[in-house]
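Note sheet for the following structure.
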Number of protein chains: 2
Amino acid sequence: MASPQYRLVYWPGIPGRGEHIRLVFEETSTPYTDTATTSDGLDRVLAYVQGNVPDDNINPPPLAPPILQHLADPNNDTNVTTISQTSNILLYLATHLPPGSIAPDPKTDPNALFYLNSLALTALDGLSNEPHDCHHPIASGLYYEDQKPESLRKADNYVRVRLPKFLGYFERVLGSGASGGGKWLYGGKFSFADLVLFQCLDGVKFMFPKAVSKYEREGTYAKVFALYQAVSERPKITEYLKSSRRQKYSDGIYRYYEELDIEP
Amino acid sequence: MASPQYRLVYWPGIPGRGEHIRLVFEETSTPYTDTATTSDGLDRVLAYVQGNVPDDNINPPPLAPPILQHLADPNNDTNVTTISQTSNILLYLATHLPPGSIAPDPKTDPNALFYLNSLALTALDGLSNEPHDCHHPIASGLYYEDQKPESLRKADNYVRVRLPKFLGYFERVLGSGASGGGKWLYGGKFSFADLVLFQCLDGVKFMFPKAVSKYEREGTYAKVFALYQAVSERPKITEYLKSSRRQKYSDGIYRYYEELDIEP
């Protein structure tokens, strides 16, 4: 059996931004290797982060994980496309996996990828980057313990103002004609943007359970929560979420701090 | 003469994220309208931001500007593609403007767009979003005056740690074989990623002149500053920067506050 053509390079031990890529591979049954599960995983991530990966004269060096390596020939390490940035990797996979599996075929809907990319970027902005900054508002290089009062102020604003803004936005997208019925974000069909929204909401639920459970109870964002449920019930996703490959949240983007778990 | 096919919807009065799109139009002599210069500009932006633009059943509603409208027929308002998110608009333009004008032709270099997208996203992360958060670390909905001590802490970390990290990263990209000689970021040819890096650095220079001038003097990031100079000397860009269409920095992403202008 050939080795997988796709390799994910991401910090072991946290779902993090790598999780969006994993969900795509799992949903589409695409074989991949993952530094989260290899013994040299951390070293391979650090080599990139520290700039110690030799220049291959083909791929611009990435700054940070997630990093995707795509081998033209799984048995030949010298012909590899290496790209980074979460939304960029998703876009790359959407154009390389079978058309229709995570995005409409560009031949029949040439704008779809741009719509999906925009939805994914917006979910990552408001439901991944901003939650991260709620425990690191001053500097990602300092400890949470060094920025606790600032974190509390930011988290308070986040659960009261920002989170409903983004939930309301996606509810509006699901209520628009472009969503094609309101089950999925675009065109009446499941796509990678739905996976991104699912994963972001899953992380926010872990980090701010009181706020999310209140907003879910109130019913204002019913379509968003229904989408979350529908993604979790896709057979491949259900299976993955129960597997040992699904890592637990810990000290990554989504963290549980009791003092930040504010009831809005 | 036909009306322009492209319409930029962005906050009037600041260069902001819209500026990356303007630079592409200016560099390629692509006609466009701009809410920065129309009398109803602010109203049109607010209609989107407040969710008051009627559902067209085709385009998912955007959350925030910059928003690009692309008219299939300049004289017919009913066939319009509407997309948002800065990097997404740049990618859309790269696939719709003449091949080679702001990105290599995908037919000869199918990976180029993904490389350029990743470079643009990284510049926007570290040299646009992070500077913005230096004056709004707690909440974008609060005034700077309500988050001054936190801003000072974040700006201090930014100029000492984050700014050199990102300058160093782009210096490394320019020193890699993939840059094709180190004048431009990728493949030895000018691209929209160079415009993004130019505009980001221009904003950071405005906001943190002491830090940028120190890093420029030290010579560690010589290729980055040479790229900045080379972009500014492109004839169309030089002409644009001198024109009244180039808006001044004020209360947008890049702001000058003396107390944040820290010498690292």
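Scanning the stretch B:207-264 for residues that are of a type in the set (Gly, Ala, Ser) and either closer than 30 Å to B:GLY141 by Cβ or in contact (Cβ under 8 Å) with a residue 40 or more places away in the chain (or both) yields B:ALA211, B:ALA222, B:ALA226, B:ALA230, B:SER250, B:GLY252. Taking the stretch A:231-264 as the range and being more than 17 Å from the chain's Cα centre (by Cα) and among the hydrophobic types (A, V, I, L, M, F, W, C) as the test, the residues that pass are A:LEU260, A:ILE262.
Of the conditions (1) surrounded by fewer than 18 Cβ atoms within 10 Å (Cβ to Cβ); (2) more than 10 Å from chain B (Cβ to nearest Cβ); (3) within 30 Å of A:LYS189 (Cα to Cα), A:LYS165 fails just one. Which one is it? Unmet for A:LYS165, out of (1) surrounded by fewer than 18 Cβ atoms within 10 Å (Cβ to Cβ); (2) more than 10 Å from chain B (Cβ to nearest Cβ); (3) within 30 Å of A:LYS189 (Cα to Cα): (2). Picking from residues in the stretch B:98-109 that are modelled with pLDDT of 95 or more and either within 14 Å of chain A (Cβ to nearest Cβ) or surrounded by 21 or more Cβ atoms within 10 Å (Cβ to Cβ) (or both), the one that is farthest from B:GLY180 (Cα to Cα) is B:ILE102. The set of residues in the stretch B:13-39 that are farther than 16 Å from B:TYR254 by Cβ, modelled with pLDDT of 95 or more and out of contact with any strand residue (DSSP E or B) (no Cβ under 6 Å at 6 or more places or on another chain) comprises B:VAL24, B:GLU26, B:GLU27, B:THR28, B:SER29, B:THR30, B:PRO31. Checking each residue in the stretch A:34-69 for being closer than 24 Å to B:GLY188 by Cα and within 19 Å of the chain's Cα centre (by Cα) picks out A:PRO62, A:LEU63, A:ALA64, A:ILE67, A:LEU68, A:GLN69.
Against the conditions (1) more than 10 Å from chain A (Cβ to nearest Cβ); (2) more than 18 Å from the chain's Cα centre (by Cα); (3) aliphatic (A, V, I, L, M), B:ILE138 satisfies every one except (1).
Of the strands (runs of 3 or more DSSP E) lying entirely inside the stretch B:1-114, none contains at least 1 residues that are free of Cβ contacts under 8 Å to residues at least 12 places away in the same chain and out of contact with any helix residue (DSSP H, G or I) (no Cβ under 8 Å at 6 or more places or on another chain).
Counting only helices (runs of 4 or more DSSP H) that sit completely within the stretch B:127-223, those holding 3 or more residues that are over 20 Å from A:ASP146 (Cα atoms) correspond to B:163-175, B:192-207, B:209-218. The listed residues are B:THR28, B:THR37, and the only one of them that is in contact with a Ser or Thr (Cβ under 8 Å, 6 or more places away or on another chain), among the hydroxyl-bearing types (Ser, Thr, Tyr) and not assigned by TED's automatic domain parsing to the domain that holds B:PHE190 turns out to be B:THR28.
Within the stretch B:130-144, the set of residues being without any contact (Cβ under 8 Å) to a residue 40 or more places away in the chain and surrounded by fewer than 18 Cβ atoms within 10 Å (Cβ to Cβ) comprises B:SER140, B:GLY141, B:LEU142, B:TYR143. Answer with yes or no whether A:ASP194 is at pLDDT 95 or above and surrounded by 21 or more Cβ atoms within 10 Å (Cβ to Cβ). Answer is yes for this residue. One residue stands out among those in the stretch B:168-215 that are of a type in the set (Val, Ile, Thr) and away from every other protein chain (no Cβ under 11 Å): the one that is farthest from the chain's Cα centre (by Cα), which is B:VAL212. Please specify each residue of the stretch B:115-124 satisfying the condition of being touching a residue at least 40 places away in the same chain (Cβ under 8 Å) and either assigned by TED's automatic domain parsing to the domain that holds B:GLY51 or of a type outside the set (S, T, N, Q) (or both). B:TYR115, B:LEU116, B:LEU119, B:ALA120, B:ALA123, B:LEU124, listed by residue number. Taken over the stretch A:240-258, the residue count meeting the criterion of being polar (S, T, N, Q) and surrounded by 10 or more Cβ atoms within 10 Å (Cβ to Cβ) is 2.
Within the stretch A:110-125, the set of residues being within 8 Å of chain B (Cβ to nearest Cβ) and closer than 30 Å to B:TYR158 by Cβ comprises A:ASN117, A:SER118, A:LEU119, A:LEU121, A:THR122.
Just one of the numbered conditions (1) outside the structural domain of B:LEU127 (by TED's automatic domain parsing); (2) buried (at least 18 other Cβ atoms within 10 Å of the Cβ) is not true of B:ASP261: (2).
The values are calculated or read from the model by the stated rules, or taken from the named source; none is laboratory data. Because the structure is a prediction, the values reported are computed rather than measured. Positions of Cβ are backbone-derived with ideal geometry, glycine not excepted, and every protein chain shown enters the neighbour counts.
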